[in-house]
Amino acid sequence: MNPSNWRTYLVTQASLSDGRSTPEIVRAAIDGGVDAVQLREKDTSARSRYELGLELRELTAEAGVDLIVNDRIDIAQAIDADGVHVGQSDLSVAVARDLLGPDAIVGCSTSTVAEAREAEREGADYLGVGAIYGTSSKDVEDGKDGIGPERIAEIVDAVSIPVVGIGGVTADNAAPVVEAGAAGVAVISAITAAADPVAATAALAETVETSKGVADGGRGA
């Protein structure tokens, strides 16, 4: 799937799952209509991530959902993931592209227009922009209140690749992010910590689709 078609994107974090397994959460998110899943789990060993990745690859491939690996290009290659997502302190987008080839999806975390433009120049397919709102499940470099949907609009105007908003996003506050121009939203807690991850994913997807209709209508007026 092209990242421009992503609406809901789950980033895994087992510590927030209330004892449920990551495959269980991913399966529920798939049932709820998620478009992409990122294997994160930074606090686990490479072997554990690899073994988990194999399980997630099977689930996502069967469902036609894109599987992205955070940071670890080697694990992405080993499990035949659809791509990799790198941060500002990871190997560069250019290196990831060289190693994974032209068909892989390469994403990059950015929080400024300058970072976004550089990632696009190096060959990124999409940008993860945030943290939009305050969050405790992902590092926030620009302060605990996040950078706000306004930064999404600035970055969307500066690049030609899809932007995904991340950081504290829920079904209740996703609309401004999408109306600012984001193709979709990426979440951790909103799905992983939900009592009903299927319903949470579906609600998030509905909010994004509705907001895209509003945004597209406004641009066409």
May I ask you to compute the full-extension gain from residue 122 to residue 77, defined as 0.36 nm times their residue separation minus their alpha-carbon distance, rounded to one decimal in nm? 14.2 nm
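By per-residue mean of other Cβ atoms within 10 Å, what is the highest-first order of 31-39, 13-21, 145-153?
The densest-packed peptide leads the list: 31-39, 145-153, 13-21.
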Quick one, which of [x] 1.06; [y] 0.93; [z] 1.13 is the actual Cα Rg over 2.2 N^0.38 Å calculated for this model? [y]
Compare the Cα positions of 85, 46, 56 along the charge dipole of the chain (+1 at Cβ of Lys, Arg; -1 at Cβ of Asp, Glu; about the Cα centre) and return the one farthest towards the positive end. 46
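Going highest first, how would you order 72-80, 103-111 by mean Cβ packing within 10 Å? Can you show the working numbers first?
Details: 72-80: 18.6, 103-111: 22.7.
In decreasing order of mean packing, 72-80, 103-111 become 103-111, 72-80.
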Dipole magnitude (debye, nearest 20) for the range 1-153, charges at Cβ of Lys, Arg, Asp, Glu: 180 debye
Starting from the Cα coordinates of the range 63-166, work out the convex hull volume and express it per residue in Å³. 108 Å³
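So, R0 is 30 Å and r is the distance between the beta-carbons of residue 103 and residue 31; what FRET efficiency does that work out to, to 0.05? Before the final figure, lay out each step's value.
Numbers: r = 28 Å, r/R0 = 0.93.
Taking R0 as 30 Å, the efficiency between residue 103 and residue 31 is 0.60.
Laboratory data are not the source of any read-out in this text; all were calculated from the coordinates shown. It should be emphasised that the depicted structure is a prediction, and the values quoted were computed from it without experimental measurement. Because the Cβ atoms are built from the backbone with ideal geometry, glycine has one as well, and the counts that use them run over all protein chains shown.
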